[in-house]
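Engineer: Sharing a structure, written as structure tokens. Questions coming.
The numbers here are math on the coordinates, done by the rules we state, and not lab data. Computed from a prediction, not measured in an experiment: that's the story for all the values here. In this analysis, Cβ positions are derived from the backbone assuming ideal geometry, glycine residues included, and neighbour counts consider all displayed protein chains.
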Amino acid sequence: MTTVHIPFLQTGTLAVGGRLLDDAERSVQSHADRPSSLTKGHRACQGCAEALAARWVMDTAVEAADGKLVVANATGCLEVFSTLYPESAWKPPWIHSLFANAAAVATGIAASLHAQGRDDVRVLAQGGDGGTVDIGLAAVSGMFERNDDVLYVCYDNQGYMNTGVQRSSATPASARTATTPAVGRSPGQAFGQGKSMVKIAMAHEIPYVASATVADLRDLEHKVRTAMSIRGARYLHVLVPCPVGWGSSSSQSIALSRAAVQSGIFPVVEARAGELTDVQRIRERADVEEYLRPQARFAHLFKPGGEDALARWRALADANIRRYDLLGERS
Amino acid sequence: MRQVRVHGRGGQGVVTAAEMLARAGFLAGHEAQAIPSFGSERTGAPVVSYCRFADVPLRTREPVLAPDVVLVQDPTLLLSDRPFAGLAPGGLVIVNTTADATAVRAEAGAEEADATVLTVPAMQITMTHLGKPKPAAAMLAAYAAASDDITLDAVQQVFRERFPGAVGEANAAAAAEAFAYVRDELAEVAAAAGSEA
Amino acid sequence: MREVLEGSQAVARTVARCRPGVVCAYPISPQTHIVEALSVMARTGELAQCEYVNVESEFSAMSVSIGASAGGSRAYTATASQGLLYMAEAVYNAAGMGLPIVMTVANRAVGAPINIWNDHSDAMAMRDSGWLQLFAADNQEAADLHVIAFAAAEELGMPAMVCMDGFVLTHASDVVELPTAEQIDAFLPPYRPTQALDIQNPTTIGTMAGPESFTETKYLQHLRFLDATGVIASWSDRFREAFGREAGGLVARYDPDTLDRDRMAPPASSDDLVVVAMGSVIGTLQAALEPMRAAGIPVRLVGISSFRPFPGDALREAIGDSRHVMVIDRALELGSGGVLTGCVGRALAGTRSRLHSVVAGLGGRPILEASLQEAVRMALDGELGRLEFLDLKEGGVPTPAAGATEVAR
């Protein structure tokens, strides 16, 4: 099968709508009978990119699994805003157990289904960056290492937003959080800390690893579909701006995601068995300021004394551009 | 009730010896219980295990404090591990050694102990047949030769069941040789006693 | 068939015959022999249609069990000590979600200081987790209890721990008669989950409950726990009828003279000192008390078979008219006394009973018949205090001689 890449550019004159395509090529969301796995009535904040991403991820996965999808969810915003008893916004069978164990619970479900001869039913686990990169990392790593048949999706909003915006190990350098205040000689999260979950996942050499953002939902959808076409442990890392935690306007979540990609701050990649197989090129290079300035958590970068930090951000973007050849200079 | 204590070193199959002894005792029609000493000892460290036989179900879980029989799988423990400690009057002590009973008593500081002391070169016998320093089968066969508690057949059977194939057969062969050795030893003791009388 | 088996083997084989769909564990002494045996059976096919999952921690072991149980499988795991505490959060979670997981706890002390040997500190730390906690007196009962545990847990929609003394039972070989696969198939109903992640009937499991519903959730869990005493008793009765031997139940009564387990044994009388105990020390007590009874000493033995739910009514009935109770405690509530004594005391509130807590066998210290007999004598002579430590060495922590073993204790 040949793949035709159709650019869906969502700003300016290049934007096109799904309705211009054949029905089969349209997004899951453009169909009237879309699964609506995360349905209306939940309690997510205005502008929550996690809710948007989860809906697209889940609907795509449900469709790819022919409706046979079971979901394990870590504690976090996604769980809290969707399931306050006696209400639930989830249509698929869904379980929340604990903060740190979504990957292991998913392993248990997959083992159970396999033992019952129900390999047609697929398993998806999801959590935020805290439940994935920090407290849940051991369980995620264990699930990867055993190559359990689970798609794990991390919605990375770069901090403990559910508990009031504290620092996680996915919080970017210099970001102000409730536990990395913007005071002192190096305000915000320290430079040189944090970890790349995508690289950690790749190091496990699992069948499929990808990153995505809500700025390119068709790309997100494509990656979920690709992941669902593969068996074994798969990992998808989605950047999801959080207006509350980032101090950004609720109307800016898509734009910030785009700026993160176009500035080189958030590489959108695909990897198979530990090898990088695809990198989304920067289309129109943006300066890091375009990403940083709309976020109050970085406000101190734009005050006197913030120049050094801003320079380090540019260096980070440059390093990513070099490492992943985001400008296509090497090819 | 008969109580047995096994002394040896980690890696010599001390715990296996007690378990095999319990199995052999069960085959001989007894109720049986084996208790390892639950150490975190590594290879080479002194290890003790226990076994009990009775004709009624065994209830107690306390370690054997007053053994009727003591099996010493490693003669280097005679001094340090006090194998004669708590021995019931008239008890039986079987030591894996090439030395004789007098030397064993001297090494253990048990010259005056009210005990029957037998020695058997179980390690040499085992190395010949099995090629590994795990003398449990030979030691249990020596015990079978010296007492009615268990039989050689039972010892050979439990090792064959536990280690099917060549290892089981090698253990059974070691058991047979150790059994014969101790029977000869006992005959010599009896003959000596007869000539003295 | 009667045979000599190590306790861990007896448990593993019985668990396998209960046909779990998922077995998941992380190794910890003294649980290891159980899960090793099950992993072998999973590879050889003796444990059919079962997924054996090796995980990276006890926390994940319980989490995988949660997923497996919610996924519609009979789920089993085993742990001990630090492992039980490491999975504690998930232990509570499984109970709150009503998932009938069965877990063997090879009871072991909790550090620091690190200690791999037997006492009941681990299980006692989970006493309020919402799990059934059934204690085995010997290896026969340890094996049998797993059959009862699966049956009761699945009827109740509640997880169950089978507690067996680490090393003392798990590593000891005894004569046992295991339930056969055919017997268990006839006895244990097939696993039919009360709630499952079913694509035909999608449910949301594990929602958040706010202040307006949390109290009621816990109250209902409490009522279900009260039901559990009847369910455990009923499955234990059915087990006795099916297998012809006693196992489980709420409390174990013992014949005054033979000290054999006997549910028809009369309650204790007003002259009797009643010794209440749990786990393998019951065997040592049977051995220790029989000659005392023969010598006319008025002492009776009552075993706690179900620690959770705690069988207050059944205990009071067994204690009868006695108002003098000595509890052998295998776990210490620091600054207070034995944990079991606290539960016995609550059950005997208002009866004006004299209660002694005898803390014994912490961290694997062998419990000797002679020491138990002495404690009984002292209690009857009015010389035993409310809280005693059996065989406590005065003068602080003893320094062992080089090469000291149990022989040279």
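Engineer: Give me a comma-separated list of calculated 3J(HN,Hα) values for region C:2-13, in order, Karplus coefficients 6.51, -1.76, 1.60 applied at θ = phi - 60°, integers in Hz, x for any Gly or Pro.
Structural biologist: 7, 8, 8, 9, 5, x, 5, 5, 4, 5, 4, 5
Engineer: Could you compute Rg(Cα) / (2.2 N^0.38 Å) for region A:249-331, with N its residue count?
Structural biologist: Cα Rg divided by the expected 2.2 N^0.38 Å: 1.19.
Engineer: Need the C-alpha centroid separation for region B:39-75 versus region A:49-98, integer Å.
Structural biologist: What the calculation gives is 57 Å, centre to centre.
Engineer: Using modelled backbone amide H atoms (1.01 Å from N, in-plane), which distant-in-sequence or interchain residues come within less than 5 Å of residue C:324's amide H?
Structural biologist: Excluding prolines and chain starts, which carry no amide H, the hits are C:274, C:354.
Engineer: Ratio of the protein assembly as shown's C-alpha Rg to 2.2 N^0.38 Å, to two decimals?
Structural biologist: The reported ratio for this selection is 1.13.
Engineer: Net charge near residue C:358: determine it from the other residues with C-beta under 11 Å of the C-beta of residue C:358, scoring Lys and Arg +1 and Asp and Glu -1.
Structural biologist: With Lys, Arg at +1 and Asp, Glu at -1, the net is -2.
Engineer: Related question: Return an integer: the convex hull volume of the alpha-carbon atoms of chain A, in Å³ per residue.
Structural biologist: Measuring per residue, one finds 138 Å³ for the Cα hull of chain A.
Engineer: Would you grab the residues whose amide H sits under 5 Å from the one on residue B:93? Only those 5+ places off in sequence or on another chain, please, with H modelled 1.01 Å from N.
Structural biologist: B:70, B:116, B:117, B:118
Engineer: Grab the other residues whose beta carbon is less than 12 angstrom from that of residue A:215, score K and R as +1, D and E as -1, and report the net.
Structural biologist: +1
Engineer: Using each residue's phi in region C:47-56, evaluate 6.51 cos²θ - 1.76 cosθ + 1.60 at θ = phi - 60° and report the 3J(HN,Hα) Karplus result to the nearest Hz, with x for Gly and Pro.
Structural biologist: Whole-Hz 3J(HN,Hα) from phi for region C:47-56: 9, 7, 6, 9, 9, 9, 10, 8, 10, 9.
Engineer: Right, another one. What does DSSP give for the protein assembly as shown in terms of the percent of beta bridges that are antiparallel, rounded to the nearest 5?
Structural biologist: 30 percent
Engineer: Using only the Cα atoms of region A:178-273, what do you get for the radius of gyration and for Dmax, in Å?
Structural biologist: According to the Cα coordinates of region A:178-273, Rg and Dmax are 15.7, 50 Å.
Engineer: If you don't mind, another one. Run the quick spin-label model on residue A:196 and residue A:307: label points 7 Å from Cα toward the beta carbon, then report their separation in nm to one decimal.
Structural biologist: 3.0 nm
Engineer: Something else: Report the paramagnetic label zone for residue B:79: residues of region B:93-129 whose backbone N is under 20 Å from a point 7 Å from Cα along the Cα-to-Cβ axis.
Structural biologist: What the label zone holds, given the 20 Å backbone N cut-off, is B:95-113.
Engineer: Could you state the number of Å between the C-alpha centres of region C:210-269 and region A:113-182?
Structural biologist: Going from one Cα centre to the other spans 42 Å.
Engineer: In the structure displayed, which of A:199/A:223; A:40/A:68; A:91/A:223; A:68/A:199; A:40/C:218 lie more than 25 Å apart, Cα to Cα?
Structural biologist: A:68/A:199; A:40/C:218
Engineer: Based on the alpha-carbon set only, what is the convex hull volume of region B:2-196 divided per residue, in Å³? Each step should come with its number before you reach the end.
Structural biologist: Working: hull volume 22.0 nm³, N = 195.
Given the Cα convex hull of region B:2-196, per-residue volume reads 113 Å³.
Engineer: Net charge around residue B:190, counting only other residues with Cβ within less than 15 Å of its Cβ (Lys, Arg = +1; Asp, Glu = -1)? Intermediate results must be reported in sequence, preceding the final value.
Structural biologist: Working: positive: B:183; negative: B:184, B:185, B:188, B:196.
With Lys, Arg at +1 and Asp, Glu at -1, the neighbours total -3.
Engineer: What FRET efficiency do you get for residue C:43 and residue A:273 if R0 is 25 Å and r is their Cβ-Cβ distance, rounded to the nearest 0.05? Let's see the in-between values first.
Structural biologist: On the way: r = 27 Å, r/R0 = 1.06.
With R0 = 25 Å, the Cβ-Cβ based efficiency is 0.40.
Engineer: Could you work out the Rg to Rh ratio of region C:250-409, with Rh taken as the Kirkwood radius (inverse of the mean 1/r over all Cα pairs)?
Structural biologist: Numbers: Rg = 15.6 Å, Rh = 16.1 Å.
That ratio is 0.97, to two decimals.
Engineer: First obtain the Kirkwood hydrodynamic radius of region C:1-57 from its Cα pairs, then insert it into the Stokes-Einstein equation at 25 °C and 0.890 mPa s, and state the resulting D in µm² per second as a whole number.
Structural biologist: D, rounded to a whole number, is 212 µm²/s.
Engineer: At q = 0.23, 0.24, 0.26 Å⁻¹, what is the log10 ratio I(q)/I(0) for region A:173-221, with the Debye formula run over Cα points and no solvent?
Structural biologist: -0.83, -0.84, -0.88
Engineer: Taking every pair of Cα atoms in region C:112-251, average 1/r, invert it to obtain the Kirkwood radius, and report Rg/Rh to two decimals.
Structural biologist: Rounded to two decimals, Rg over Rh is 1.02.
Engineer: Output the relative contact order of region A:145-230, whole-number percent, from Cα pairs under 8 angstrom with separation of 6+ residues.
Structural biologist: 19 percent
Engineer: Separate question: Taking a quarter of the surface of the Cα convex hull of region C:314-358, what do you get in nm²?
Structural biologist: Value for region C:314-358: 3.1 nm².
Engineer: Something else now. Equivalent ellipsoid semi-axes for chain C, as square roots of 5 times the alpha carbon gyration tensor eigenvalues: give them largest first, rounded to whole Å.
Structural biologist: Semi-axes (√(5λ), whole Å): 34, 23, 22.
Engineer: Using alpha-carbon pairs under 8 Å, 6+ residues apart, how would you state the relative contact order of region B:1-141 in percent? Before the final figure, lay out each step's value.
Structural biologist: Details: 300 pairs, mean separation 34.6, N = 141.
Once normalised by length, the contact order is 25 percent.
Engineer: Label points 7 Å out from Cα along the Cβ direction at residue A:145 and residue A:283: separation in nm?
Structural biologist: Label-label distance for residue A:145 and residue A:283, simple model: 4.1 nm.
Engineer: Let me ask something else. What residues qualify as long-range amide H neighbours of residue C:107, i.e. H under 5 Å apart, gap of 5 or more or another chain, H built at 1.01 Å from N?
Structural biologist: C:164, C:165, C:166
Engineer: Also: Please list, in order along region B:22-36, the HN-Hα scalar couplings obtained from phi with the Karplus expression 6.51 cos²θ - 1.76 cosθ + 1.60 (θ = phi - 60°), rounded to whole Hz, x for Gly and Pro.
Structural biologist: After applying 6.51 cos²θ - 1.76 cosθ + 1.60, I find 4, 5, 5, x, 5, 5, 7, x, 9, 6, 8, 8, 10, 10, x Hz.
Engineer: Roughly how compact is region C:68-160, stated as its Cα Rg over 2.2 N^0.38 Å to two decimals?
Structural biologist: Working: Rg = 13.0 Å, N = 93, 2.2 N^0.38 = 12.3 Å.
Normalised by 2.2 N^0.38 Å, the Cα Rg of region C:68-160 equals 1.06.
Engineer: Continuing with this model, one more query. For peptide C:166-179, how many partner chain Cβ atoms fall within 10 Å of a residue's Cβ, on average? Could you put the intermediate results ahead of the total?
Structural biologist: Details: counts 1, 5, 5, 2, 1, 8, 11, 15, 9, 10, 0, 0, 0, 0.
Rounded to a whole number, the mean comes out at 5.
Engineer: Based on the Cβ-Cβ distance of residue B:111 and residue C:295, what FRET efficiency does E = 1/(1 + (r/R0)^6) give at R0 = 41 Å, to the nearest 0.05?
Structural biologist: The formula returns an efficiency of 0.60 here.
Engineer: Return the single residue from C:82, C:195, C:140 with maximal mean-square fluctuation; model: Gaussian network over chain C, springs between Cα atoms under 10 Å.
Structural biologist: With Cα springs under 10 Å in chain C, the top fluctuation among C:82, C:195, C:140 is at C:195.
Engineer: Relative contact order for region A:28-324 using alpha-carbon pairs under 8 Å, separation at least 6, rounded to a whole percent?
Structural biologist: Averaging sequence separation for qualifying contacts and normalising by length gives 16 percent for region A:28-324.
Engineer: Testing the spin-label approximation: label points 7 Å from Cα along Cα→Cβ at residue C:223 and residue A:329. State their distance in nm.
Structural biologist: Here the modelled spin labels are 7.1 nm apart.
Engineer: Another question, then. Provide the percentage of antiparallel DSSP beta bridges, counting only those with both residues in chain C; round to the nearest 5.
Structural biologist: Details: 13 of 50 bridges.
Roughly 25 percent of the beta bridges in chain C run antiparallel, per DSSP.
Engineer: Quickly estimate the mean residue ellipticity at 222 nm for chain A, helices only: each DSSP H run with n ≥ 4 gives -39500 (n - 2.57), and the total goes over all residues, rounded to 500. Walk me through the numbers on the way to the answer.
Structural biologist: On the way: 10 runs with 101 residues, N = 331.
Computed mean residue ellipticity for chain A: -9000 deg cm²/dmol.
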